[in-house]
Structure formats: structure tokens, C-alpha cells
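The values are calculated or read from the model by the stated rules, or taken from the named source; none is laboratory data. None of the values given here were measured: they were computed from a predicted structure. Methodologically, a virtual Cβ is constructed for each residue, glycine included, from the backbone with ideal geometry; neighbour enumeration extends over all protein chains shown.
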Amino acid sequence: MNNNSKIYLSKHGIKELKKKINKLSHEQKMLELELRNSDVKEDSMLQIEVLARLDSVRSEIAEKQLKLKNAKILPKKKSIIVSLGSIVELIDNATGKIFKYQVVDSIEADPLIGKISSDSPLGKSLLGKKANEMINWSIGVKNMQMQLITVA
């Protein structure tokens, strides 16, 4: 990610990113404390492992802080066309099952809670579509099709 790449997250997504940074910062403090511990100083292999983990945590913190710095809250909008931040309802005509998703940036995506990435096959096929259109996408060799019911 370059230093000026904007990413769009929901308020919940920004809150979760801040939580992850806080958790990693706490882990960093614990690792630094462990490094000062005399047992670690005496065991060079343990010290190398702790230093490697500490380096990894610091790198992850820096990456997430950059994402947070570049994060913008998804604008509230009423739209008839699917875009980043839209909440959509789809129906699988074969089974009658209805699915509800929010189209989000990949950093916030979690299909288990109804947030799909705009970079996923389904997310890409939804962008720019209107209610009542058929949505087609592929997962490997399997072709999928659903009807877009609503866009909010």
C-alpha cells in the first residue's frame, strides 16, 4: 500500500482496526518486557525467537497504522446502483434462499458476518448493478447466479 492510498471502511471497520492496533501494541509491550527478563537473556535461542516475533508485531502495527491513517468512513448514501458500502439482498432462484451482504474493502471483508470484498468474484460482479438484475460469477469451474433484489 502506498502512503496515500485511501481505503474506505465502515465505522465498525475503523473501530476493529483500532482494536487490532491496541492488541498488537499490548503484545509488543509484553514481548519487550519478556526480552528484559533474565531467562530470555540467558537463552540465546529464546531471545532470537522473541526478537523475531517483536519485529513481526512492530511491522504489523506499522502496516495497520498506515491503513488507519489512510482510512475514510464509507459515505452514507441512498443509491440504486451497487457501489462500495452498498447493502444488497440477493435471492438464489434455485433454492429461494435470500442473502444479505455489505460490499466493503478487502481489509474489512468477512463473509461470515455479511461483509464481502469488492475484490471478490461476487463483489466484482455486483458493482454497478441495479435491483432486479441477474448477477453471475464463477468460483473455480462452478458458475453461480442470483438475482439482486435490493440495493441500499
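Just to be sure before I move on: is Val82 among the β-branched types (Val, Ile, Thr), within 28 Å of Ile113 (Cα to Cα) and at pLDDT 95 or above in the structure I sent? When the stated conditions are applied, Val82 does not pass them. The one condition from (1) touching a Phe, Trp or Tyr at 6+ places or on another chain (Cβ under 8 Å); (2) in a strand (DSSP E or B); (3) at pLDDT 90 or above that Phe99 does not meet is (1).
Leu112 - would you say it is surrounded by 13 or more Cβ atoms within 10 Å (Cβ to Cβ), among the hydrophobic types (A, V, I, L, M, F, W, C) and assigned to a helix (DSSP H, G or I)? No. Residues considered: Leu90, Leu46. Of these, the only one that is touching a helix residue (DSSP H, G or I) at 6+ places or on another chain (Cβ under 9 Å) and assigned to a helix (DSSP H, G or I) is Leu46. Note on the stretch 16-59: among residues that are surrounded by 11 or more Cβ atoms within 10 Å (Cβ to Cβ) and within 26 Å of Val103 (Cβ to Cβ), the one that is modelled with the lowest pLDDT is Glu16.
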